[in-house]
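J.: Dropping a structure here in structure tokens format, bear with me for questions.
The values are calculated or read from the model by the stated rules, or taken from the named source; none is laboratory data. Note that the coordinates shown come from a computational prediction; the quantities given were computed from them, not determined experimentally. Ideal geometry is used to build each Cβ from the backbone, glycine not excepted, and the neighbour counts take in all protein chains shown. Protein only, heavy atoms only, side chains kept; ligands, DNA and RNA dropped before computing areas. Shrake-Rupley method; radii C 1.70, N 1.55, O 1.52, S 1.80 Å.
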There are 4 protein chains.
Amino acid sequence: MRIAISTGGGDAPGLNAVIRAVVLAAERQGWECWGIRDGYNGLLEPAQCLGEPVMRLTPETVYGIGALGGTILGSTNRGNPLRYPVRHADGSMAEVDRADELIGLFRARGFDALVSVGGDGSMAIAESLCRKGLTVVGVPKTIDNDLDHTYTTFGFDTAVGFATECIDRLHTTAYSQHRVMVVEVMGRYAGWIALHAGMAGGAHAILIPEIPFDLAVVAESIAARDAAGHHHSLVVVAEGAQALGGQRELLAAAGAGHAERLGGIGARLEHELAALTGKECRAVVLGHLLRGGSPSAFDRVVASRFGAAAVRALAQGQSGVMVALGGSEIGTVPLSEVAGRTRRVPVDSDTVATARELGICLGDRAA
Amino acid sequence: MRIAISTGGGDAPGLNAVIRAVVLAAERQGWECWGIRDGYNGLLEPAQCLGEPVMRLTPETVYGIGALGGTILGSTNRGNPLRYPVRHADGSMAEVDRADELIGLFRARGFDALVSVGGDGSMAIAESLCRKGLTVVGVPKTIDNDLDHTYTTFGFDTAVGFATECIDRLHTTAYSQHRVMVVEVMGRYAGWIALHAGMAGGAHAILIPEIPFDLAVVAESIAARDAAGHHHSLVVVAEGAQALGGQRELLAAAGAGHAERLGGIGARLEHELAALTGKECRAVVLGHLLRGGSPSAFDRVVASRFGAAAVRALAQGQSGVMVALGGSEIGTVPLSEVAGRTRRVPVDSDTVATARELGICLGDRAA
Amino acid sequence: MRIAISTGGGDAPGLNAVIRAVVLAAERQGWECWGIRDGYNGLLEPAQCLGEPVMRLTPETVYGIGALGGTILGSTNRGNPLRYPVRHADGSMAEVDRADELIGLFRARGFDALVSVGGDGSMAIAESLCRKGLTVVGVPKTIDNDLDHTYTTFGFDTAVGFATECIDRLHTTAYSQHRVMVVEVMGRYAGWIALHAGMAGGAHAILIPEIPFDLAVVAESIAARDAAGHHHSLVVVAEGAQALGGQRELLAAAGAGHAERLGGIGARLEHELAALTGKECRAVVLGHLLRGGSPSAFDRVVASRFGAAAVRALAQGQSGVMVALGGSEIGTVPLSEVAGRTRRVPVDSDTVATARELGICLGDRAA
Amino acid sequence: MRIAISTGGGDAPGLNAVIRAVVLAAERQGWECWGIRDGYNGLLEPAQCLGEPVMRLTPETVYGIGALGGTILGSTNRGNPLRYPVRHADGSMAEVDRADELIGLFRARGFDALVSVGGDGSMAIAESLCRKGLTVVGVPKTIDNDLDHTYTTFGFDTAVGFATECIDRLHTTAYSQHRVMVVEVMGRYAGWIALHAGMAGGAHAILIPEIPFDLAVVAESIAARDAAGHHHSLVVVAEGAQALGGQRELLAAAGAGHAERLGGIGARLEHELAALTGKECRAVVLGHLLRGGSPSAFDRVVASRFGAAAVRALAQGQSGVMVALGGSEIGTVPLSEVAGRTRRVPVDSDTVATARELGICLGDRAA
């Protein structure tokens, strides 16, 4: 058997640990392993790849890579084969479905099965390819921790760890300058990183997409701290956090071009909270910093288990499934159940309750 | 209501985060919080304590301590009140049961309930005190991760993280010196730390108490690496790992006084593997290094959830229970079900299977 | 003898290590040590301080603080006593000289000497107080490393270390997204942090205040990398870096309101480089993150040596001096020689030559 | 021009940064760069090397390696060509001088010059090769920081940083267990690591080779802490620290076979201090942990400057010199002046004075 690995979507610490585990586990099955560079571009656009577009992966190739960030398979953010961007002669752009072509190229290489490592989008592509006859097993990847059907994925723990270290560092400077620091972290649809890093870092307010926030409530919590002699505050906000209905327009109006100019919720909160509290506010945007770095031990173990489980699934003749962590053991779920579903923070979880009980402002008026 | 906190047993990163969470959550209940210094010695032997034997804990007292290792309640390794050591006039030692005295002192302080943070031993003491009428809620603490009924506890993730960093560092020196490095980690009854840190750190062999090891198998795996041109190996061993039946005596005999002199399994393996493989071996014992340090973000969150859940349990009128993490939510289990039970690594778990599939030698002949 | 310590200016890792060293060294002299909270506000505005405005510092008080970021003396960024801000009845602001009042309050407390820890501004204040008769020894503090007459100060090494870790992390995400990442670090007048962190982190371009940059040169270096198949680049820029003469206006014009809206050079470069290279650019501003955190071992040692040297200087009867690191030994320099002088990166140093020889673009056309 | 790089002696963080800098700087000179694997074994014993014995080094080969520990040139601890070990037919070992053979192999490869990165021993070899006609420039490498004529080298700062982190971690466990922790660090002839890590980590006693220690003094300092209510102590000891004259035999006698069995000074101190103080003592040996890991930013910058300076020296026609850091600029010193000289901690330095002034016991009776 000859299997190929593809990594797609944004960068996440642990990708290399998955690749290493797939290669080592495949080796014990007596299978041959290949890596497709730059998403699927190693097959679709080999001339654009730096280095070999498709590379043989052996235990020597993956030696020691488990501790490294990034992916040895190159850029992860390449064209979606189902909607591949093409530039017409007149300069206009369009999208074409290159799935059949991809499957042809895949078979021409003698590949029998695909391990696709990626997020929501990659799983949808994987499912399409599977429906067209390819043997595919997916491995979930999302720093945001928002993929459904899996208790966690790799990358999240590393991201939370580094975000927490950054918040730790911001405490003293917020304190010594009597400032409000607004720390924006990743999390477009789910607030896992903000909630966990905010709690771990001792944030005073945490704003997540699952709980629309009331700016007045946040400002009041800062004022209450001031009145108690604590002249600094730390607000952690997920990039996808939203102000309460009526306020949303207000916020947009108040920020006027500001919102549109700066884009980020962090910068908008810096602006609004300064106006509401009369205090110096500073936004720090961690986004790009959270995708890199050596994976945490936790993420390396999860990534290794996912990689080995993908090979196990293929050895059992499975296809069209994604490996997933349910409770304490790895299992598989159909790819068709994964796509388009987002795992959000349950607002009635004990973690959210804990945040409230620690006195953290979550932006709403609930006690 | 006036509640008291006691921390017992060995040090674990996250103790301060538990204390902080209990204090903040109690504050919101309108309760008063006190800390007993040095286990129960703040009550039993106040004159021996450095500083106040019993200290009022307020949100100010616990400000910022969530990120600190150790415990603000002082030494954790003091006398067990059920078997308190006393020195007789003739110099001989004996043990007395001071539980009733302790409860008297506890009530004299006006304390209504106890939050006891500790391991197996502390939970047994807590259960005894509860049976004598004290309102008690336990919080599990074990770096080894071997307490039953809870999916994980705080301290373990930090310990695995640091052990992994140490193993990462040892790779290059093992490699450049063509050596076998034997890394001994904590884990008297369960091999969780060894298994997780070994997998995360890319160890070539992992020896845990759950799988008795055959020295010849370990030596063969090192020889096989040598034959393949890899002249170094990393062996991670839990302090409680055991050689197979017959070999145990052999090991003791071969090591002669060595075993007894050096005590640790790491030093014994250094000695035996050098003899069996003819290679330079070096043991590194991480034990003491794994208990300290700032808790990881994961441990801070779990510790905070445990602390808040303990207050929640008291508010609900519970007693004689330990808070525990079952799946993704915190619950409680009766203290009577916890004591004397050890959660060991299931040898049929996917994590163990993954280790084998990655080609890691687990010391047995199973494929 | 009774001495007082004041810390001023921005936060810097190592401040607590200085305080600890002063207290321990003073203890051995048999002196009493006091800390003035919030710069000089502990004396000038005691009612505004959280906690005791002036605190007795003993070996117990400073136990273990050497490893902590921030300062136990509270906020560092308070009023300059020479130009203290006052609000008139009509709401307008003015500045008054409260130096004599401060000296009176200082003497009323029975203080014999002052150890002033701070940057350029604090040293100027210290010199003024000295000229008015106070016994003063200064301790240099500048994360930017730009104080003259001292080879280095504490805080810089920690800042460079964390900036490097951030740059390390950005490599993989820049790489996998084919982006240009612009990393803005502190350094208003001197490019020490940018130069050192940029070299350590493997930046492709480093822009410092000492070398006015030509945007076209930077864009060309990015294009050259692209042509060689490296589709990502990392540009590290000091906050005080400046475009070449004519370009400066161009830059301001092109950025129009952009410059003024965003302020930072990082955001402006993101804007300009995207326009010039046609590539996706993203700015990451590290400023606030570089002041916090546990000091590096290097900074703790330097800070301890400075603190002990300050006490040694006082014991020798010195006043009006700042302790400084010249070569490998600590000495003292007159405060009058320190104020108003900035130590910039020598453009003919071997470090700058090394950067060029490693192929790093410094923004100019020099080979 | 075609130059070759060899790395020798023990592992040190920063070796890869030197290699990278040499390659990039040579590239700008238009030179070709080659790496000799496994010390000089890539030339002398190519069949024994894993991978290519001599490898072409290009900017692509060294891409991103500056942040990695170890060396891409393989094992550093191989045969000294001046005294190469050979096994006779009868099994006995002997040493032969293979220097001329090495130079022949070197020339046969078309190499014009050698950059030799290593410690004392490697510099002596380099000088011999130079005297036999080879063009050689040395780059100093010693974690112990004890090479003469250079203010510092790479590797030391990383080792001190990690040792300090370990000491930080041991504080809480020493504290909570009322123990004496003895931390043994590298430093056979010079106590730089012990002194710096001990000061940074807040050790209570530091024992270095430069100051013979009196065990009674160390025990008294621990007893004094106990009397003051501090029931734990941390002793940092360099592996080469020695007891005072008469005591040395006493120590050996008391430890009997213990010394010989355990070898290390740490284990002996654990034994002796337990006997003298009646307290629980535990030794932690960090040696092997200090050579690995990603180099600190400081070490990466120094290593880069050294590598670039080596190429600069060759371009200027120099040979028989070692690059060195004197003050703030890199220069060169003749190899003949380097060999056999050790830079020890000056006992009259302000750093040693600071240690005493902080109340750290240095093992002698000097105040």
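J.: Sum up the charges of everything whose Cβ sits under 15 Å from the Cβ of A:Leu129, counting Lys and Arg as +1 and Asp and Glu as -1, but leave A:Leu129 out.
T.: Neighbourhood net charge equals +1.
J.: Further question on the same structure: With a 1.4 Å probe on protein heavy atoms only, work out how much accessible surface D and B bury together, total over both chains, in Å² to the nearest 100.
T.: Summed over both sides, the interface buries about 3200 Å².
J.: Can you classify region C:6-47 as rounded, prolate or oblate using the Cα gyration tensor, where a ≥ b ≥ c are the square roots of its eigenvalues, rounded means a/c under 1.5, and otherwise it's prolate if a/b beats b/c and oblate if not? It would help to have the intermediate numbers written out before the result.
T.: Working: a/c = 4.05, a/b = 1.35, b/c = 3.00.
Oblate, since a/c reaches 1.5 and b/c is not below a/b.
J.: Could I ask something else about it? What do you get for Rg/Rh of region B:85-164 when both radii come from the Cα atoms and Rh is the Kirkwood radius?
T.: Taking Rh as the inverse mean 1/r over Cα pairs, Rg/Rh reads 1.11.
J.: Other chains near D:210-222: what is the mean number of their Cβ atoms within 10 Å of each residue's Cβ?
T.: Neighbouring Cβ atoms belonging to other protein chains average 0 per residue here.
J.: I would also like to ask the following. Heavy atoms only, probe 1.4 Å: what % of the accessible area of region D:152-204 goes to carbon and sulfur, would you let me know?
T.: Reported share for carbon and sulfur atoms: 52 percent.
J.: Give me the percent relative contact order of chain A, please, defined on Cα pairs under 8 angstrom at least 6 residues apart.
T.: The normalised contact order for chain A reaches 22 percent.
J.: Other chains' Cβ within 10 Å of B:194-202 residues: what's the mean?
T.: 5
J.: Assuming R0 = 22 Å, can you tell me the calculated FRET efficiency for the pair D:Asp348 and C:Glu337, based on Cβ-Cβ distance, to the nearest 0.05?
T.: Working: r = 27 Å, r/R0 = 1.21.
For D:Asp348 and C:Glu337, the calculated efficiency is 0.25.
J.: How big is the Kirkwood radius of region C:146-198, worked out from every pair of different alpha carbons and given in Å to one decimal?
T.: It is 12.3 Å.
J.: Counting only other chains, what is the mean number of Cβ atoms within 10 angstrom of the Cβ of each residue in peptide B:38-51?
T.: 1
J.: Mind giving me the FRET efficiency for C:Ala366 and C:Tyr151? R0 is 25 Å, r the Cβ-Cβ distance, nearest 0.05 is fine.
T.: So, using R0 = 25 Å, E works out to roughly 0.45.
J.: Tell me the accessible surface of C:Thr277 in square angstrom (1.4 angstrom probe, heavy atoms of protein chains only), to the nearest ten.
T.: Looks like 40 Å² after rounding.
J.: With every protein chain in place, what's the accessible area of C:Phe156 (1.4 Å probe, Å², nearest 10)?
T.: Looks like 20 Å² after rounding.
J.: Can you tell me the order of A:177-187, A:114-124 when each peptide is scored by its average per-residue count of other Cβ atoms within 10 angstrom, highest first?
T.: Listed from highest to lowest mean packing, they are A:177-187, A:114-124.
J.: Further question: Just which residues of region B:305-346 lose 40 Å² or more accessible area with every protein chain there, against their chain alone, with the probe set to 1.4 Å?
T.: B:Arg305, B:Arg312, B:Glu329
J.: Count the net charge of all other residues whose Cβ sits under 14 Å from the Cβ of C:Glu52, scoring Lys and Arg as +1 and Asp and Glu as -1. Walk me through the numbers on the way to the answer.
T.: Details: positive: C:Arg37, C:Arg56, C:Arg109; negative: B:Glu60, C:Asp38, C:Glu45.
It works out to a net charge of 0.
J.: Where the label is 7 Å out from Cα toward Cβ, how close does C:Arg107 come to the same position in every other copy, in nm, shortest first?
T.: Nearest first, the other copies' label points are 6.3, 8.3, 9.8 nm away.
J.: Between A:Glu52 and C:Ala274, take the C-beta separation as r, use R0 = 35 Å, and let me know the FRET efficiency to the nearest 0.05. Before the final figure, lay out the partial values.
T.: Numbers: r = 31 Å, r/R0 = 0.88.
It comes to 0.70.
J.: Let me ask another. Any aspartates and glutamates with Cα under 17 Å of the C:Lys132 Cα? List them, leaving off those in the same chain fewer than 8 positions away.
T.: Partners within reach: C:Asp97, C:Asp100, C:Glu101, C:Asp112.
J.: When chain C is treated as a GNM, springs tying every alpha-carbon pair under 10 Å, which of C:Asp148, C:Asp112, C:Asp348 comes out with the largest mean-square fluctuation?
T.: Between C:Asp148, C:Asp112, C:Asp348, it is C:Asp348 that shows the largest mean-square fluctuation.
J.: Net charge near B:Val185, counting Lys/Arg +1 and Asp/Glu -1 over other residues with Cβ under 10 Å of its Cβ?
T.: Result for the neighbourhood of B:Val185: -3.
J.: If you don't mind, there's one more thing I want to ask. Helices from chain A with mean Kyte-Doolittle at least 0.5 and a Cα length along the axis of 24 Å or more, per DSSP H: which?
T.: Those that clear 24 Å and a mean of 0.5 are A:297-315.
J.: Then there's this: When chain B is treated as a GNM, springs tying every alpha-carbon pair under 10 Å, which of B:Gly30, B:Gly14, B:Gly202 comes out with the largest mean-square fluctuation?
T.: B:Gly30
J.: Sticking with this one: Using a 1.4 Å probe, what is the accessible area per residue for region A:1-99, in Å²? Kindly include the intermediate steps, with their values, before the conclusion.
T.: Numbers: 3800 Å² over 99 residues.
Spelled out: the 1.4 Å probe surface of region A:1-99, per residue, equals 38 Å².
J.: Additional query: Report, for chain A, the % of DSSP beta bridges that are antiparallel, rounded to 5.
T.: Expressed as a percentage, antiparallel bridges in chain A total about 30.
J.: Let me see the P(r) profile for chain A: every Cα-Cα distance counted, bins of 10 Å, each bin given as a percent of all pairs.
T.: All Cα pairs considered, the percentages come to 5, 23, 28, 21, 15, 7, 1, 0.
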